[in-house]
Amino acid sequence: IRDGPEEVGRYVGNYIAKRINDFKPTAEKPFVLGLPTGSSPIPTYKHLIGLVNKGELSFKNVITFNMDEYVGLPRDHSESYHTFMFREFFSYIDIDPNNVHILDGNAPDLVAECAAYEATIKAQGGIELFLGGIGEDGHIAFNEPGSSLSSRTRIKTLAYDTILANSRFFGGDLSKVPRMALTVGVATVLDAREVVVVVTGQRKSVALSKAIEEGVNHLTTLSALQLHPWALIAVDEDATAEL
Ligand code: GLP
């Protein structure tokens with residue numbers, strides 16, 4: 001627990017940097033990192049960018065896999081997760097764009113796209129550390145309430161609450177928010193050797209308490225982390241309001 005979002009970002013940024021540096025990634029043995037979008041990870045991204053600028057961290061031998069992407073939103077749309085990742089993070093670090101993996105929500109065969117994504121993760125030896133955020137309903141990636149805890153990368157219809165929450169990025173216009181997304185599954189996240197989730201702000205406090213203080217439940221998919229041997233939830237004071 002840290003005071004606010006900036007302090008959480010600094011803590012998580014330092015934590016990830018240490019993991020990457022201790023791993024000593026090489027071209028033959030890269031560090032495989034799972035990444036989220038949303039406002040929650042932005043302070044972490046800012047801190048990581050700072051560490052790269054200071055020469056304390058390099059993404060040269062880091063391979064990334066993003067959690068999710070909207071279906072049907074043009075890749076260059078300002079709110080596509082592809083655009084978000086380059087705008088908020090990738091454009092400022094020394095990552096090879098060929099090492100960046102983001103689901104293609106405009107692929108002609110979405111089912112094949114999801115299967116190929118899982119296969120690529122596997123071919124890279126699995127994800128070392130998956131960084132995540134949560135929705136107000138406790139979803140991780142776009143694993144909306146009711147998602148199977150053994151789910152894999154797939155197409156998901158967004159819950160009304162998620163469309164409502166994300167409409168703030170579409171000028172408050174619900175009709176502009178895509179109705180579907182591609183997302184890694186809960187099991188894809190659980191397969192990572194380590195999971196780190198950032199939860200900040202009071203609007204996430206009910207979800208956080210359900211995920212931590214109630215049982216494992218597919219209505220709050222973050223709760224699946226209770227089954228993971230190495231999971232960390234980094235929160236700010238506001239997010240603990242219901243604990
Ligand atoms: C979307 C993303 C999630 C993210 C959530 C929270 O639903 N698919 O991966 O965790 O937004 O976003 P924010 O951090 O902006 O609250």
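Read the figures in this text as sums done on the coordinates, not as results from a lab. Keep in mind that what you see is a predicted model, and the values were worked out from it rather than measured. Cβ coordinates were reconstructed from backbone atoms using ideal geometry, including for glycine residues, and neighbour counts include every protein chain displayed.
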- Note on the structure: Here, residue 21 and residue 109, labelled 7 Å along Cα→Cβ, have an inter-label distance in nm of 4.5 nm
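Run lengths n ≥ 4 of DSSP H only: what is the helix-derived mean residue ellipticity at 222 nm for the chain, with -39500 (n - 2.57) per run over all residues, to the nearest 500? Intermediate results must be reported in sequence, preceding the final value.
On the way: 7 runs with 75 residues, N = 243.
Result for the chain: -9500 deg cm²/dmol, rounded to the nearest 500.
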- Separation of the stretch 1-65 and the stretch 181-243 by C-alpha centroid, Å? 19 Å
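Remind me, relative contact order of the stretch 5-237 in percent, using alpha carbon pairs under 8 angstrom and six or more residues apart?
On the way: 461 pairs, mean separation 50.1, N = 233.
The normalised contact order for the stretch 5-237 reaches 22 percent.
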- What is the gain in length, in nm to one decimal, between residue 14 and residue 98 on full extension, counting 0.36 nm per residue of separation less the C-alpha to C-alpha distance? 27.8 nm
- Message: Mean-square fluctuation check for the chain, GNM, Cα pairs under 10 Å: which of 47, 218, 77 is largest?
- Response: 77
- Task: Place a label point 7 angstrom from the Cα of residue 29 along the Cα-to-Cβ direction, then list the residues of the stretch 55-73 whose backbone nitrogen is under 16 Å away.
- Result: 61-63
- Item | Calculated from backbone phi, Karplus (6.51, -1.76, 1.60) coupling profile of the stretch 99-107 in Hz, x at Gly/Pro | 8, 8, 10, 9, 4, 9, x, 10, 4
- Note on the structure: Rounded to the nearest 0.05, FRET efficiency between residue 86 and residue 124 (Cβ-Cβ, R0 25 Å) equals 0.75
